[in-house]
Structures are given as C-alpha cells and as structure tokens.
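Structure first, commentary second.
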Amino acid sequence: MDINLSQCFIAVDDHDRALAFYRDLLGMEVRGDVGYADMRWVTVGSPAQPDVDIVLEPPLADPNAPAADRQAMADLLAKGHLRGVILATDDVDTVFERLRAAGAEVLQEPVDQPYGVRDCAFRDPAGNMVRFKQPRKG
C-alpha cells in the first residue's frame, strides 16, 4: 500500500500577493482558483510534481466564524505562527539569491545543517515560513 502526500494547506491573507510569490517568483503553476462566500482557495504546485498541490486558503475558512476568531487567526498569521512548508531544490544558494534579490524577507541564509542538508528560510507575503533544502554534498 502506497501513501503519498497529495495536498498541503497554507493560510494567506492576500491571494494576489501569495500568487506573486508562489507562482511568479517560485515558478509554481496555478491548478485551481475557487471562491465561496467572500473566500478564495488557490491551488498551486510545482510542474515537476503534478500530483502534489499546495492550497492557498483563507486563515479561517468558516463564513460563520465570530469576528473574534477571525481576528485571532489573522494575528497568528501575521506573526508567522500558522503554517510553514519545506521545499526541496538541487541548488539552495541560487534559490536564496533569487528570492533575496526579489525582496523576499530572509529568515535564514543558506547554512549546512548537522542533519545532512543545506537550507535557507524566508517568509512568504502572509508571514508563513518557507524553507528550501538540498542534500548536502560530500
């Protein structure tokens, strides 16, 4: 029996800004764009992984949620406490330079980790941590 990742969800407060990051800067393709009750879900993914989707969703996908709950989720998102994602690459240094040159918020410059990867980290426009890793050479 095979079990594989199909989708992961990342909360965003502005889908257009998120698309500028995930689609325009990272090169992901848009696979879906669905709206419901003043909310929006945009599905993106790497062309190299057609079976794995990242769904950019509202921070609180409940049209009946109390205003206090919506504010609490917005506050957590703004602090970067909701979600994160780790993306694999074969050249973390090139990815780092491209994102830094584009003005993305740097959380960690590329570093060799003791657990066998070289990685770096950024925040997406909503505040989520996005890490990029590659296996360490040699």
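The values are calculated or read from the model by the stated rules, or taken from the named source; none is laboratory data. Source: prediction; values computed, not measured. Positions of Cβ are backbone-derived with ideal geometry, glycine not excepted, and every protein chain shown enters the neighbour counts.
Just one of the listed residues (Lys137, Lys133, Lys79) is of a type in the set (D, E, K, R), over 22 Å from Asp14 (Cα atoms) and touching a residue at least 24 places away in the same chain (Cβ under 8 Å), and it is Lys133. Checked against the criteria, Asp75 does not count as assigned to a helix (DSSP H, G or I) and within 19 Å of Val130 (Cβ to Cβ). Looking across the stretch 1-55, just one residue is charged (D, E, K, R), part of a helix (DSSP H, G or I) and surrounded by 15 or more Cβ atoms within 10 Å (Cβ to Cβ), and that is Arg23. As for the stretch 65-84, it holds no residue that is polar (S, T, N, Q), at pLDDT below 95, touching a strand residue (DSSP E or B) at 6+ places or on another chain (Cβ under 7 Å) and under 30 Å from Val34 (Cβ atoms). Picking from residues in the stretch 85-118 that are touching a Phe, Trp or Tyr at 6+ places or on another chain (Cβ under 6 Å) and touching a residue at least 24 places away in the same chain (Cβ under 8 Å), the one that is nearest to Leu56 (Cα to Cα) is Leu87. Within the stretch 5-32, being of a type in the set (A, V, I, L, M, F, W, C), under 20 Å from Ala74 (Cα atoms) and without any contact (Cβ under 8 Å) to a residue 60 or more places away in the chain holds for one residue alone: Leu19.
Each row is one residue, and each column tells you yes or no for (1) charged (D, E, K, R); (2) modelled with pLDDT of 95 or more.
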{"position": "Asp91", "(1), (2)": "yes, yes"}
{"position": "Phe96", "(1), (2)": "no, yes"}
{"position": "Arg100", "(1), (2)": "yes, yes"}
{"position": "Val106", "(1), (2)": "no, yes"}
{"position": "Arg118", "(1), (2)": "yes, yes"}
{"position": "Met129", "(1), (2)": "no, no"}
{"position": "Pro135", "(1), (2)": "no, no"}
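Scanning the stretch 95-108 for residues that are more than 17 Å from the chain's Cα centre (by Cα) and exposed (fewer than 12 other Cβ atoms within 10 Å of the Cβ) yields a total of 1.
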